[in-house]
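Written out below as structure tokens is the structure these notes cover.
The values are calculated or read from the model by the stated rules, or taken from the named source; none is laboratory data. Since the model is a prediction, treat every value here as computed from it, not as a measurement. Glycine gets a Cβ as well: all are built from the backbone with ideal geometry, and neighbour counts include every protein chain shown.
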Amino acid sequence: MYELKHLRQNFDQIREQLGPRGADVPWDDLRKVIAERQEVSPKLDGLRHELKKGSEQVARLKRDKQPADQVVAEMKALGDRIKELEETVRVAEERLSELALRIPNLPHATVPAGRTPEDNPELRRWGTTDPLSFPAKPHWEIGEALRILDFERAAKIAGARFAVMSGLGAQLERALVNFMLDLHGTQHGYREVLPPFMVNAGAMTGTGQLPKFEEDLFVLRDDPYYLIPTAEVPVTNLHREEILDEAMLPIRYASYTACFRREAGSYGKDTRGLIRQHQFNKVELVTFTKPEQSADELERLTGHAEAVLQALKLPYRVVALCTGDLGFAAAKTYDLEVWLPAQGVYREISSCSNFEAFQARRASIRFKRAGGKKDAKTEFVHTLNGSGLAVGRTVVAILENYQQVDGSVVVPEVLRPYMGGIGRIVDEGKIKK
RNA sequence: GGAGGGGUGCUAGAGUGGACGAAUAGGCCGGUCUUGAAAACCGGAGUCCUGGCAACGGGACCGUGGGUUCGAAUCCCACCCCCUCCGCCA
């Protein structure tokens, strides 16, 4: 209902501001269904009012031992009429939300105009990208040679786009998760959350994955659950259908989860290595703020993700997504791209977004101001999230940036306490190639 | 998976098919009293849709969805969730 009201009151403005982003939306159908609902709904309320009065009259008559047959007959007819109208309204509202849930978010005013990723402006760079003193190898070659990454056996037990990590590779992954959670928890003030890795359709709708992107999700065959594509889904939906106290805001969560993505439509892209997997680990930052805080919060959250890269001494740059590259639910997004020397490119390792009230409206996440007037309405919170960071891609960056001429990989200093003091990954030689 | 018991407001917890948007208690907010507080007393409070500048109206909401009825928190059906016991299990 929130969606419907918002849409009805801002219909033309939304349509106009969306511009090409709203190209898929059947605006005329929408307008028609909204009008229909607006026409029938008050009628229905009126009839219900009559029915209520009539029924009260029946009660009074019976109490006074008076005949009520005539009123009962009238009310029966009225009841039938009401049932018809209820069906009409139900169908209209169903159709309405079906259409309305496919409308993307409006870009924030500060989002740069553009059509493709090439139009994304670079905001800043950190670290140096001097070439190595020897030819840089891609991470899959490094990992397979060290026997910490095994794509062949992963294909045997699962399929394409899966990896097995073992030995110090598995330890590196685990060290990164712990390091990131500790950093965000202790230094940055986030509360750690470990949610279910499967959710229901309601949660997926709340954050915007459904109904439009069902083909990107893994679905269970016999139970009504989806595997989460990101911790954003379970963690944002933690407060679905809640009215929060103003004093609770901002709420900041850091959450490790595995993430599952079908990657339908990306055949042939990044087929080698760990870049694009069906399952990967990620530490996600999710925050809820008051509307006036969300712009600052996005900068802050992005900084927290950057802090991980800086601590690991991995070179990166920050780009702002242009209007054409912005995701469905986001109002504004910064991507963090880490330097990969083998390909000589920056690759996305974190995406930090402000969704403003888009998800809050869908998931009904509201708050009430404390000092407000008596009749103050509830307001929608703003939701944000960002990877802090994608763990598999961080392993990629470490393998490639910390590789040595002898094929070993130096462990970044901040991770050593998490790896029993080990400073270098070498081939342990225990597993047959 | 089997058997039984439950889901009511911020919480606990009542609720014979009609006076129930819902008793009562606690908590919360405002006030009186007090140097201040506590206690006591008085008062106030839900969410959503909708009409109206407003005052103030109308409607919906007792896990969810159907059904019976003039009328459902209350009766019937299905589903979901929670608790207890049994089975299975990391």
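When the residues of segment A:233-249 are narrowed to those that are at pLDDT 95 or above and touching a helix residue (DSSP H, G or I) at 6+ places or on another chain (Cβ under 6 Å), which ends up surrounded by the most Cβ atoms within 10 Å (Cβ to Cβ)?
Selected residue: A:Val233.
Mind listing just one residue for me: the one in segment A:21-51 that is among the hydrophobic types (A, V, I, L, M, F, W, C) and farther than 18 Å from A:Leu106 by Cα and, of those, farthest from RNA strand B (Cβ to nearest atom)?
Checking each candidate, the answer is A:Val33.
Looking only at segment A:103-148, count how many residues are buried (at least 17 other Cβ atoms within 10 Å of the Cβ), small (Gly, Ala, Ser) and either in a helix (DSSP H, G or I) or free of Cβ contacts under 8 Å to residues at least 24 places away in the same chain (or both).
Total meeting the criteria: 1.
Return only the number of the condition from (1) under 25 Å from A:Glu214 (Cα atoms); (2) part of a strand (DSSP E or B) that A:Glu192 does not satisfy.
(1)
Starting from segment A:62-82, keep only residues that are among the basic types (Lys, Arg), then list their pairs with residues that are within 9 Å of RNA strand B (Cβ to nearest atom) and at pLDDT below 95 whose Cβ atoms are within a distance under 6 Å, requiring at least 6 positions of separation or different chains.
The qualifying pairs are A:Lys62/A:Ala68.
In this structure, does A:Ala77 turn out to be more than 7 Å from RNA strand B (Cβ to nearest atom), surrounded by fewer than 12 Cβ atoms within 10 Å (Cβ to Cβ) and modelled with pLDDT of 95 or more?
Against the criterion (more than 7 Å from RNA strand B (Cβ to nearest atom), surrounded by fewer than 12 Cβ atoms within 10 Å (Cβ to Cβ) and modelled with pLDDT of 95 or more), A:Ala77 does not qualify.
Table: residues versus (1) part of a loop (DSSP other than H, G, I, E, B); (2) farther than 23 Å from A:Asn120 by Cα; (3) not polar (S, T, N, Q).
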| site | (1), (2), (3) |
| --- | --- |
| A:Arg317 | no, no, yes |
| A:Ala330 | yes, no, yes |
| A:Trp339 | no, no, yes |
| A:Ser350 | no, no, no |
| A:Lys377 | yes, yes, yes |
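Residues checked against (1) under 23 Å from the mean Cα position of the chain (by Cα); (2) at pLDDT below 95; (3) more than 16 Å from RNA strand B (Cβ to nearest atom):
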position: A:Arg347; (1), (2), (3): yes, no, yes
position: A:Ser350; (1), (2), (3): yes, no, yes
position: A:Leu384; (1), (2), (3): yes, no, yes
position: A:Ala397; (1), (2), (3): no, no, yes
position: A:Val409; (1), (2), (3): no, no, yes
position: A:Pro412; (1), (2), (3): no, no, yes
position: A:Ile422; (1), (2), (3): no, no, yes
position: A:Gly429; (1), (2), (3): no, yes, yes
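Give the number of residues within segment A:301-316 that are surrounded by 18 or more Cβ atoms within 10 Å (Cβ to Cβ) and out of contact with any Pro (no Cβ under 6 Å at 6 or more places or on another chain).
Looking only at that region, the number is 10.
Applying the selection to segment A:58-73, what residues are more than 8 Å from RNA strand B (Cβ to nearest atom) and part of a helix (DSSP H, G or I)?
A:Leu61, A:Asp69, A:Gln70
Quick grid of which residues meet (1) modelled with pLDDT under 95; (2) under 30 Å from A:Arg362 (Cβ atoms); (3) of a type in the set (A, V, I, L, M, F, W, C):
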| position | (1), (2), (3) |
| --- | --- |
| A:Lys137 | no, no, no |
| A:Trp140 | no, no, yes |
| A:Ala145 | no, no, yes |
| A:Glu152 | no, no, no |
| A:Gln171 | no, no, no |
| A:Arg174 | no, no, no |
| A:Val177 | no, yes, yes |
| A:His188 | no, yes, no |
| A:Pro196 | yes, yes, no |
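In this structure, is A:Ser55 assigned to a helix (DSSP H, G or I), within 7 Å of RNA strand B (Cβ to nearest atom) and within 37 Å of the chain's Cα centre (by Cα)?
The answer is no for A:Ser55.
Filtering segment A:1-20 down to residues that are within 21 Å of A:Glu94 (Cβ to Cβ) and either hydrophobic (A, V, I, L, M, F, W, C) or surrounded by 15 or more Cβ atoms within 10 Å (Cβ to Cβ) (or both), which residue is farthest from RNA strand B (Cβ to nearest atom)? Give the steps one after another, and end with the answer.
Step one: of segment A:1-20, the residues within 21 Å of A:Glu94 (Cβ to Cβ) are A:1-9, A:11, A:14.
Filter once more, so that each one left must be either hydrophobic (A, V, I, L, M, F, W, C) or surrounded by 15 or more Cβ atoms within 10 Å (Cβ to Cβ) (or both): A:1, A:3-4, A:6-8, A:11, A:14.
Numbers: A:Met1: 4, A:Glu3: 9, A:Leu4: 7, A:His6: 8, A:Leu7: 10, A:Arg8: 6, A:Phe11: 12, A:Ile14: 15 Å.
Checking each candidate, the answer is A:Ile14.
Scan segment A:245-287 for residues that are under 21 Å from A:Glu192 (Cα atoms) and among the aromatic types (Phe, Trp, Tyr) and jot them down.
The answer is A:Tyr253, A:Tyr256, A:Phe260, A:Phe280.
Which members of segment A:21-52 meet the condition of being loosely packed, with under 11 Cβ neighbours inside 10 Å and either in contact with a His (Cβ under 8 Å, 6 or more places away or on another chain) or farther than 30 Å from A:Leu101 by Cβ (or both)?
The answer is A:His49, and nothing else.
Condition (residue is at pLDDT 90 or above, loosely packed, with under 15 Cβ neighbours inside 10 Å and more than 13 Å from RNA strand B (Cβ to nearest atom)) applied to segment A:84-102: is it met by at least one residue?
yes
Testing A:Gln13 on (1) within 26 Å of A:Gly327 (Cβ to Cβ); (2) touching a residue at least 12 places away in the same chain (Cβ under 8 Å), one condition comes back false. Which one is that?
So A:Gln13 meets the others, but not (2).
For segment A:152-164, give me each residue that is free of Cβ contacts under 8 Å to residues at least 40 places away in the same chain, buried (at least 17 other Cβ atoms within 10 Å of the Cβ) and in contact with a helix residue (DSSP H, G or I) (Cβ under 9 Å, 6 or more places away or on another chain).
A:Val164
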